[in-house]
1. Pairing the Cα long axis of helix C:142-154 with the longest principal axis of chain C, what angle in degrees results, from 0 to 90 and rounded to the nearest 10?
2. Quick one: Cα convex hull volume of chain C, Å³ per residue?
3. Rounded to the nearest 10 degrees, what's the angle between the helix C:113-126 long axis and the longest principal axis of chain C, both from Cα atoms, 0 to 90?
4. Find the centroid of the Cα atoms in the stretch C:27-81 and in the stretch A:88-127, then give the distance between the two in whole Å.
5. For the pair residue A:222/residue C:344, report the inter-label distance in nm, with labels modelled 7 Å from Cα in the Cβ direction.
6. Only Cα pairs within less than 10 Å get springs; with that Gaussian network setup on chain C, which residue of C:341, C:320, C:51 has the largest fluctuation?
7. Show log10 I(q)/I(0) for chain A at q = 0.09 Å⁻¹, two decimals, from a solvent-free Debye sum over equal Cα scatterers.
8. What angle, in degrees between 0 and 90 and rounded to the nearest 10, separates the Cα long axis of helix C:98-108 from the longest principal axis of the Cα atoms of chain C?
């Protein structure tokens, strides 16, 4: 490539006043491509503003408005009642339930997914392709069907209760449909492929020689795995935890099918408020809280890490 | 090595967990006992019945057309954005745009759909297909962008420079070199967003109004009436149709690449 | 071969990247003659590739002019310049066959369809790839890809062919073969070649003239033999081969004084305008290893005689490279096989050279 002595490509221009502006391409094409570039961004930005940002601003505004039960419309009177209402029992229970289910499902996905990812990374060639296919295929299979499948496996006398009864603790007539357990199984099932793939791709990139070096230095395979492979694969685990945990929080379909209206998650509360009672203000407030939870879950850890870094920097500087 | 034995056992159990429900659906679609209480002998009655069913056919067609439109729009928007970004090469804009992409992906679909729903109620806009498509494009275009832009940013200047050096005018460079090199990622993005749209329950349910029915909403409706063999037949067919784009995508890009799609951005 | 008729002139060309603090090229003046094989050498980051990009039009100079065949092309976009490039990693379009790659530029040039085929066939034949016309670049070996890249650029009959480290990715044997092939093709077509490489041997093998660049400046332009025997400064001397350098303590019209010896100024070759040349870092005497003789007891006494101990002996085939440690530093001498058999590690050895084999040029600041 023609890059050996070109300085960093993505860097910005300093505000110097030279006679000829430093140009990456010829001035005409550069201006043209910058203008064209901006124009090409217009559809996305239009889409994002009209269908994404504006609706969410509306949502935020509506969550502070008052719902008029007589007219069935919103009165634009500022109130925080919709938010205080959130701590009412049923809503709050659903919240706790959502977070609980997400956390448990994330842990379960990582625990079930890691060995699969590791096993795939140990194979090669055709076998590896087949195993990957075995993971990817369920992921691309119609989502509702995958959720629905568990309805046929969790009822009294179905596969799962029967298997549990083999332990002797429960009867095979146990009905797990429309329970928290059913929702949890559904979530773990649907998100499992998403938790396998990132771990696999990180494991695959680990230099096999590192593990061999550990053997050579006297480590048993188990110890070598624990000291070398596991630490190196943790970034993949982190990605898979995010990929499972965050979408889980806002899940609608799985609890709608497997929870049967009994086990609710935040997603179902939002739609219920909008379409059931028609109380948009309440629905908007729940949606805003869900939004907040998602943003904290996604950027929270990084934000905290950044704060810690900042704090240490300030502290070390003041000490010096 | 006992270590690998443990891993193998755990992995086999995990893979069984992934496949048992799918096999169960397929098996029960041929179950002679309509209520699925026991194995009632092999029959293709439910499949025949489903395939002849007008509602099923309409909904399948609806889902398919909607998914094609959504995928086409998403890919078009995402591709132009990726091209634009390549032209701009502005670090700050990129970062702003990146967070908008990420935000669209992490935002629960329920929130996106209900916020649009709220606007339709406040502004008295009628529900319908247009809104279903629009709301799906919001997040599908983000995924499409991720796939296409990943390829676009890997695409070295080298080929475009060579084309210019050989005398190609800018639009020729774009049409003959840039676009052809991007085609695989465009197709994969298309197939992925197609699948997302085909799978979607929330948008058609809440933004479609009474006239919009799709395969997922059909299944959701049937489930409410209980678990029967004909639901399984619909489910099996839906499953089969959903695998067509997967295998199309697989022929375009290797299993390994497809496995990596969309999983490398967050985090 | 060279008619000394200027084809390309760079006049005071400066290139400052916005993101870099120092300019990549500083006030570069360079003239290429029609039909010559010109190489730019220098270590990575010296500005040679940038120079190439400026000529090809993929970059624009911050100031200065580039004149090709009497026409100022400084602001002409790349795709309108009659100059084409063989890129470092070939940049063959992966989605097109060999024939389509070669035809790519012809199609842009609105060459009639029928003559495109003829020209492509001719080009394919020139580089000997008749059997692979329909293959995709990914199916070819590195050497074959290299030849496709060459054909693709040459088929457009460029006024200048730019080559950016075109052999960098090939193994040694293939490199030597391709060097010969390039030289032959250049002679046969008569196209002016501007060749960029960091490998001085490659440049020596093929070029009519060589330009040595350092830190964005053209340090010396000379034919290969002159650059080797009369390097413009110590850095050039070091880059284009092994050089034994002795710092000059003082120098006047009569003598050149180094730490261990004095040389009569009249016999020593010096940078032509030695009197007027600026040498802020002083001067050095340069002696190539092949001019540094290992002296036996009966050898005629040369002008300069040095004593040290043998630190290392490396067998190089036709000669043996002898590393000799002196109190002031290490020297390298080439000994023929017979002389070398009399040497042993750690043993004392005498080295000598004649004043006319020494060359005095400006020193450079230590890196």
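Laboratory data are not the source of any read-out in this text; all were calculated from the coordinates shown. Keep in mind it's a predicted model, so treat the numbers as computed, not measured. Using ideal geometry, Cβ is built from the backbone for each residue, glycine included, and neighbour counts are taken over all protein chains shown.
1. Approximately 70 degrees, to the nearest 10.
2. With only Cα atoms used, chain C gives 172 Å³ per residue.
3. Helix C:113-126 sits at roughly 30 degrees to that axis.
4. The two parts, judged by their Cα centres, are 59 Å apart.
5. Each label point is offset 7 Å from its Cα along the Cβ direction, giving 6.1 nm.
6. In this elastic network of chain C, the residue with the biggest mean-square fluctuation among C:341, C:320, C:51 is C:341.
7. -0.77
8. 70
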